[in-house]
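Enquirer: To start, I am sharing the structure in question, which I have written as structure tokens.
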2 protein chains.
Amino acid sequence: MSITILGGGGFLGLKLARRLARDGQVGGRPVEALTLFDLRPPPAPEGAPFPVRSLGGDVSDPAAVAEAVQPGTRVVVHLAAVVSAQAEADFDLGLKVNLHGTLAVLSACRALPSPPRVVFTSSVASFGGGQGAVLPDDARQVPENSYGAQKAMGELLLADASRRGMVDAVSIRLPTVTVRPGRPNKAASSFVSAILREPLLGLPAELPVGEDFAVWICSPRRAVEWLLHAMGMDTAGMGADRGVNPPGMSAKVGDMLAALERVAGPAARALVRRAPDPAVAAIVGGWPAAFTAERARARLGFSEQEPLDELVRAFVEDDLEETRRDRGL
Amino acid sequence: MSITILGGGGFLGLKLARRLARDGQVGGRPVEALTLFDLRPPPAPEGAPFPVRSLGGDVSDPAAVAEAVQPGTRVVVHLAAVVSAQAEADFDLGLKVNLHGTLAVLSACRALPSPPRVVFTSSVASFGGGQGAVLPDDARQVPENSYGAQKAMGELLLADASRRGMVDAVSIRLPTVTVRPGRPNKAASSFVSAILREPLLGLPAELPVGEDFAVWICSPRRAVEWLLHAMGMDTAGMGADRGVNPPGMSAKVGDMLAALERVAGPAARALVRRAPDPAVAAIVGGWPAAFTAERARARLGFSEQEPLDELVRAFVEDDLEETRRDRGL
């Protein structure tokens, strides 16, 4: 089958493309062609047993997206987004990419002779809740940030288009993905990766919240597994609700640091310094720290997040060297 | 204050404009100017103690909406919509008017020097549920029709824009409004008004569902009261959730017909003929028949739906003659 990854140059898109190149199939069906689309043409994964097209363009430009979603496309993975901090800083850019981009994706899919599977990454940021919350699967999305609002709008659009038979969508509300490769950034959630990644690189990191602070997380490996599952799964049992709260893990910062110490030793753990930041605490304090995720587990076949030690080791195995190289360390 | 009604030519818009002309104020503040906007310039209400502008245009055209929302506008009532049956028949038209229209409204509001109150009519159609459901205020919106999906998207957009201080929005999820003036149409909910209106006009009506079938309803009078309340209310206590399930009434068809008989006699009641229509029953069977509406009642000050007899009499008093005239009866 022919697959298009929109946002194929981001860290999840690159990992997914590599995995497809390695496996050569999804859900038992061989991959026949892959198109990667991002603002700049993404690098093709090495050793792919199928042709790879790399395209550069703006996801809110219907013509550019139509070029990326050519006749024969069976699966569209729509990862292209302006992330939370940026969507908060620039409302119009967020609307353009996160809302009008998703409209352009739908438009391109409707031009196909048969409705493709669309795998859309929504986000835990589409919910409010806070530390005490354990959100059930039918929790109402009352976003407290523009990114979450735009993602929830995209979910509604794709669910309705699925009901109408224009696409066959699965929207995965990703937890905070950790350990992200790259650098610390200004996102309020940046510390969730930084407190593990930086010490593993031998660098100091600051912890803006207390060790009891809990976050709903998943690893990049698990996020890729969920994307692969959503690309091939049977959607017949989903009904009108195309949104999925996948089985992430509610982890306390202290437990994440204990895992860091077990994997990388006390010297790594000692690189994390407590630096209370009320502004960051106020933002992340509103995010729900846990979900029941029963539907995804029991009925939709999404796999469980691996334990924290394995999550830390996965960064070492998958991303440490490349991150070191990219950052000139 | 200066008010703009988008969709001011529809039946609720016309009723609201007449009421403003009569009262000359909203929430104790005098109305200084009124702009009515619809596809065709709506008729100005008679005897208004303030200037009335009537404009024709497309609500999805940002320039047209900007012309209707001039500097100084304090309240925008956004009623302009493609209704459920039409949005279901023409997906692109629904998206254009219901989604891009609301984007254009937001755009026009952002150009004002201070954020206006925006009163947006969302709908019970944004929920699933069915006959057995009594939906709490935090019920998740899982729309099973394009109109409901587009309305829920509009709610998310306006709630986020309110959080950001661009507007100050209240989204009222209107029940099925009955008795609507006009004619029977192809909307699945058409019978809810037709079984009262047609007999009051001396005409026969068909009932596609059983008399035990329950509908979440409100009268046009009540809808106008809610709009007026939302135009003037204090929104400080709403938090991130700008959507309101107003205190409508869960009424069985049999109770509505009994009220008809009490008000207009057994001959009127006898004009309603049972004509089972499984297609209509299947559609309306998915609509939630009841809401708790606790937040609207106890915390937000929305008034209660009047009893059924009064709802029937209100049509006789407010709309019977005009409907007769409009339909050449």
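Enquirer: So which of B:Gly265, B:Gly286, B:Gly248, B:Gly301 ends up being surrounded by 15 or more Cβ atoms within 10 Å (Cβ to Cβ), modelled with pLDDT of 95 or more and not aromatic (Phe, Trp, Tyr)? Let's see the steps before the verdict.
Expert: Working: B:Gly265 fails: surrounded by 15 or more Cβ atoms within 10 Å (Cβ to Cβ); B:Gly286 fails: modelled with pLDDT of 95 or more; B:Gly301 fails: surrounded by 15 or more Cβ atoms within 10 Å (Cβ to Cβ).
Selected residue: B:Gly248, the only one of B:Gly265, B:Gly286, B:Gly248, B:Gly301 that is surrounded by 15 or more Cβ atoms within 10 Å (Cβ to Cβ), modelled with pLDDT of 95 or more and not aromatic (Phe, Trp, Tyr).
Enquirer: Across segment A:101-137, what is the number of residues that are without any contact (Cβ under 8 Å) to a residue 60 or more places away in the chain, within 12 Å of another protein chain (Cβ to nearest Cβ) and closer than 30 Å to A:Ile283 by Cα?
Expert: Here the count works out to 3.
Enquirer: Something else: Does segment B:172-184 contain at least one residue that is more than 9 Å from every other protein chain (Cβ to nearest Cβ), assigned to a loop (DSSP other than H, G, I, E, B) and free of Cβ contacts under 8 Å to residues at least 40 places away in the same chain?
Expert: Of segment B:172-184, the ones more than 9 Å from every other protein chain (Cβ to nearest Cβ) are B:172-184.
Restricting the remaining residues to those that are assigned to a loop (DSSP other than H, G, I, E, B) gives B:175, B:178-184.
Then drop every residue that is not free of Cβ contacts under 8 Å to residues at least 40 places away in the same chain, which leaves B:184.
Checked against the condition, which is being more than 9 Å from every other protein chain (Cβ to nearest Cβ), assigned to a loop (DSSP other than H, G, I, E, B) and free of Cβ contacts under 8 Å to residues at least 40 places away in the same chain, segment B:172-184 yields at least one hit.
Each row is one residue, and each column tells you yes or no for (1) outside any helix (DSSP H, G or I); (2) among the small types (Gly, Ala, Ser); (3) closer than 30 Å to A:Met166 by Cα.
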| site | (1), (2), (3) |
| --- | --- |
| B:Val118 | yes, no, no |
| B:Asp137 | yes, no, no |
| B:Pro143 | yes, no, yes |
| B:Leu158 | no, no, yes |
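Enquirer: State all residues of segment B:1-30 that are part of a loop (DSSP other than H, G, I, E, B) and surrounded by fewer than 22 Cβ atoms within 10 Å (Cβ to Cβ); if no residue qualifies, say none. Even if it seems obvious, please write down each step before you answer.
Expert: Keep residues of segment B:1-30 that are part of a loop (DSSP other than H, G, I, E, B), which gives B:1, B:7-10, B:24, B:27-28.
Correct list: B:Met1, B:Gly9, B:Gly10, B:Gly24, B:Gly27, B:Gly28.
Enquirer: Here is a follow-up. What residue, among those in segment B:31-57 that are of a type in the set (Asp, Glu) and out of contact with any Gly (no Cβ under 8 Å at 6 or more places or on another chain), is nearest to B:Leu103 (Cα to Cα)?
Expert: The first filter runs over segment B:31-57 and keeps only residues of a type in the set (Asp, Glu), leaving B:32, B:38, B:46.
Filter once more, so that each one left must be out of contact with any Gly (no Cβ under 8 Å at 6 or more places or on another chain): B:32, B:46.
Numbers: B:Glu32: 26, B:Glu46: 32 Å.
It comes out as B:Glu32.
Enquirer: Right, something else. Suppose the filter is over 11 Å from A:Ile5 (Cα atoms), under 19 Å from the mean Cα position of the chain (by Cα) and not in a loop (DSSP other than H, G, I, E, B); does A:Ala64 pass it? Working first, answer last.
Expert: Values: over 11 Å from A:Ile5 (Cα atoms): yes; under 19 Å from the mean Cα position of the chain (by Cα): no; not in a loop (DSSP other than H, G, I, E, B): yes.
No: the conditions fail for A:Ala64.
Enquirer: So, one more: Just need a number here: residues in segment B:264-294 that are touching a strand residue (DSSP E or B) at 6+ places or on another chain (Cβ under 7 Å) and among the charged types (D, E, K, R).
Expert: Total satisfying the criteria: 2.
Enquirer: Here are the criteria: (1) within 27 Å of A:Lys252 (Cβ to Cβ); (2) modelled with pLDDT of 95 or more; (3) not in a strand (DSSP E or B). Tell me which single one A:Ser122 does not satisfy.
Expert: All conditions pass for A:Ser122, except number (3).
Enquirer: For A:Val224, which of the numbered conditions (1) in the same structural domain as A:Leu320 (by TED's automatic domain parsing); (2) touching a Lys or Arg at 6+ places or on another chain (Cβ under 6 Å); (3) in contact (Cβ under 8 Å) with a residue 12 or more places away in the chain fails to hold?
Expert: Of the numbered conditions (1) in the same structural domain as A:Leu320 (by TED's automatic domain parsing); (2) touching a Lys or Arg at 6+ places or on another chain (Cβ under 6 Å); (3) in contact (Cβ under 8 Å) with a residue 12 or more places away in the chain, the odd one out for A:Val224 is (1).
Enquirer: Could you grab the pairs with beta carbons closer than 8 Å, sequence gap of 6+ or different chains, first residue in segment B:289-306 and under 19 Å from B:Val224 (Cα atoms), second one of a type in the set (Gly, Ala, Ser) and at pLDDT below 95?
Expert: Pairs found: B:Leu300/B:Gly237.
Enquirer: Additional query: Hey, could you check segment B:72-112 for residues that are modelled with pLDDT of 95 or more and assigned to a loop (DSSP other than H, G, I, E, B) and say which is surrounded by the most Cβ atoms within 10 Å (Cβ to Cβ)? Spell out how you get there, then give the answer.
Expert: Quick first cut of segment B:72-112, residues modelled with pLDDT of 95 or more only: B:72-81, B:90-112.
Next, only the ones that are assigned to a loop (DSSP other than H, G, I, E, B) stay: B:72, B:79-81, B:90, B:111-112.
Numbers: B:Gly72: 13, B:Leu79: 23, B:Ala80: 28, B:Ala81: 25, B:Asp90: 14, B:Ala111: 13, B:Leu112: 18.
If we take residues in segment B:72-112 being modelled with pLDDT of 95 or more and assigned to a loop (DSSP other than H, G, I, E, B), then B:Ala80 is surrounded by the most Cβ atoms within 10 Å (Cβ to Cβ).
Enquirer: Provide a single number: the residues in segment B:135-164 that are closer than 17 Å to A:Ala149 by Cα and crowded, with 20+ Cβ neighbours inside 10 Å.
Expert: Residues that pass the stated criteria total 18.
Enquirer: Name the single residue that is surrounded by the most Cβ atoms within 10 Å (Cβ to Cβ) among those in segment B:229-239 being away from chain A (no Cβ under 14 Å) and out of contact with any strand residue (DSSP E or B) (no Cβ under 6 Å at 6 or more places or on another chain). Spell out how you get there, then give the answer.
Expert: Going through segment B:229-239, the residues away from chain A (no Cβ under 14 Å) turn out to be B:229-237.
Filter once more, keeping what is out of contact with any strand residue (DSSP E or B) (no Cβ under 6 Å at 6 or more places or on another chain): B:229, B:233-234, B:236-237.
Numbers: B:His229: 21, B:Met233: 19, B:Asp234: 9, B:Ala236: 7, B:Gly237: 10.
Checked segment B:229-239; the qualifying residue surrounded by the most Cβ atoms within 10 Å (Cβ to Cβ) is B:His229.
Enquirer: Condition first: of a type in the set (D, E, K, R) and in contact (Cβ under 8 Å) with a residue 60 or more places away in the chain. Now tell me which residues in segment A:42-87 satisfy that.
Expert: Initial filter on segment A:42-87 (of a type in the set (D, E, K, R)): A:46, A:53, A:58, A:61, A:67, A:74.
Within segment A:42-87, A:Arg74 is the sole residue that qualifies.
The values are calculated or read from the model by the stated rules, or taken from the named source; none is laboratory data. Just so you know, these numbers come straight off a predicted model, no measurement behind them. Here the Cβ is made from the backbone with ideal geometry for all residues, glycine too, and neighbour counts use every protein chain on show.
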